[in-house]
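J.: A single structure is presented below for examination.
Taken together, the values in this text are just the output of simple stated rules run on the coordinates, not laboratory data. The structure presented is a predicted model; accordingly, all values stated were derived computationally and were not measured. Using ideal geometry, Cβ is built from the backbone for each residue, glycine included, and neighbour counts are taken over all protein chains shown.
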Amino acid sequence: MNIKILSKVLAFVMCVSAGHVLSSQHVLPKLAYTYESLEPYIDAQTMEIHHSKHHQAYVTNLNKALAGTKAEALPIEDLLIASEKRGAAIRNNGGGHYNHSLFWSMLSPEADKTPDGKLLEDINRTFVSLDSLKKLLNNAAMTRFGSGWAWLYVSPEKKLVVCSLPNQDNPIMDAAKEHRGIPILGIDVWEHAYYLKYQNKRADYTNAIWNVIDWNAVAANYSSALASPLLKTIEKDAWLALKEFHLVMAQTFHPMEEGDFAPIRSRSGEMAAKSELLLKSKVPASFQSDAIQKALRDLYAGATALDKLVQKKAKDDKINESLTKLHDTFHIIQGLCSDEH
């Protein structure tokens, strides 16, 4: 990786995670160029308002939403991957902070306007040509009703994918559902990104922006995404059957630890049903193995046996023993989905 690409990678890493080492506060990243330097494609007034007002507001509101919570010191990716659970303020403002930090990092007044190397090879393999990819991204931007983003992202299978998502959502988020991965290029189609210069002519803006998108920076993002452990985390998080079983386990096992057996006695049938769905679900490619298939079968057998104990009104100590064993089996599955496997 040459010095220019390395500097792009470091700049993006620093701007999205600033504050996680030295402080729990997220900060507005400094730009590597002046507000007027992207003209005539993006005007100086739009850049100044967009960066110093809109992005700053996301940062301010994100810090306010996190203040005094356990999530205050978490990296931005950890906030986003559980965005639905963390609520609208963190989802919207965390997304706004991450998305804009990425956006600024891939713009340049001296942009390399064509990719090369592995990125170009994979673009051609996936989309036939760079022009075809641009058309797909422009179409994603144009067909996004209201505000949002057009994304090029790396899926957990390490494939390049184009999508459009609303508001400040991005593919890292659990809210993205069918489009999960790590974004490497994003086109902001909120009106504040282009309206002063282009008014309602979104197509003119999306065509013009290719003059300042730096493919060197996108290539650096691509290399970083392919090597990132975040891909496995997203892949596991997107395994919805696993998440659903985990939720029932958490809501029954932990109360039992405190001596409350009512949740498991009322939900053992649900536990068994969720274990069956998990067994029948598609295991993500990175985690597929004979060991995980055996663990899933053991989980189903254990959940079914536990349900039978509950139906027979077994004593608490028997329920405790059965649910604890089931909990241990579930953690075997969790371990098989970890970075070590």
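J.: In whole angstrom, how far apart do the alpha carbon centroids of segment 81-143 and segment 191-241 sit?
T.: 1
J.: Would you kindly state how much longer the chain becomes between Ala73 and Lys294 on full extension, computed as 0.36 nm times their sequence separation minus their alpha carbon distance, in nm to one decimal?
T.: That works out to 75.8 nm of additional length.
J.: Excluding residues on the same chain fewer than 8 positions from Lys318, give the aspartates and glutamates whose Cα lies under 13 Å from its Cα.
T.: Leaving aside aspartates and glutamates fewer than 8 places away in the same chain, those within reach of Lys318 are Asp307.
J.: Check each of the GluC sites (Glu not before Pro) in segment 254-287 and keep only those in coil by DSSP with at most 12 other C-beta atoms within 10 angstrom; list them in order.
T.: Filter output for segment 254-287: Glu258.
J.: Normalising by the residue count of the chain, find the relative contact order in percent from Cα pairs under 8 Å and 6+ residues apart.
T.: Relative contact order of the chain: 15 percent.
J.: May I pose another question? Per 10 Å bin from zero, what fraction in whole % of the C-alpha pairs of segment 150-296 is there, up to the bin with the longest pair?
T.: Once binned at 10 Å, the Cα pair distances of segment 150-296 give 10, 27, 26, 18, 12, 6, 1.
J.: Sticking with this one: Given the -39500 (n - 2.57) contribution per DSSP H run of 4+ residues, what per-residue ellipticity at 222 nm results for the chain, rounded to the nearest 500 deg cm²/dmol?
T.: -18000 deg cm²/dmol
J.: Place the peptides 146-152, 207-213 in order of packing, highest mean first, counting for every residue the other Cβ atoms within 10 Å and averaging per peptide.
T.: 146-152, 207-213
J.: On each of the three principal axes of the Cα atoms of segment 53-207, give max minus min coordinate, whole Å, ordered largest first.
T.: Over segment 53-207, Cα extents along the principal axes are 49, 39, 30 Å.
J.: Just need the relative contact order of segment 239-336 here, percent rounded to a whole number, with Cα pairs under 8 Å and 6+ apart.
T.: Relative contact order of segment 239-336: 30 percent.
J.: Which three lengths, in whole Å and largest first, does segment 239-336 cover when its Cα atoms are put on their principal axes?
T.: Principal-axis extents of segment 239-336 (Cα, largest first): 40, 22, 18 Å.
J.: For all pairs of alpha-carbon atoms in the chain, what percent lies in each bin of width 20 Å, listed from the first bin to the last filled one?
T.: 28, 49, 21, 3
J.: Taking 0.36 nm per intervening residue step and subtracting the Cα-Cα distance, what contour gain separates Gln45 from Lys308 on full extension?
T.: Contour length minus the Cα-Cα distance gives 87.9 nm.
J.: Also, I was wondering about something else. Kindly express, to the nearest 10 degrees and within the range 0 to 90, the angle between helix 3-17's C-alpha long axis and the longest C-alpha principal axis of the chain.
T.: 60
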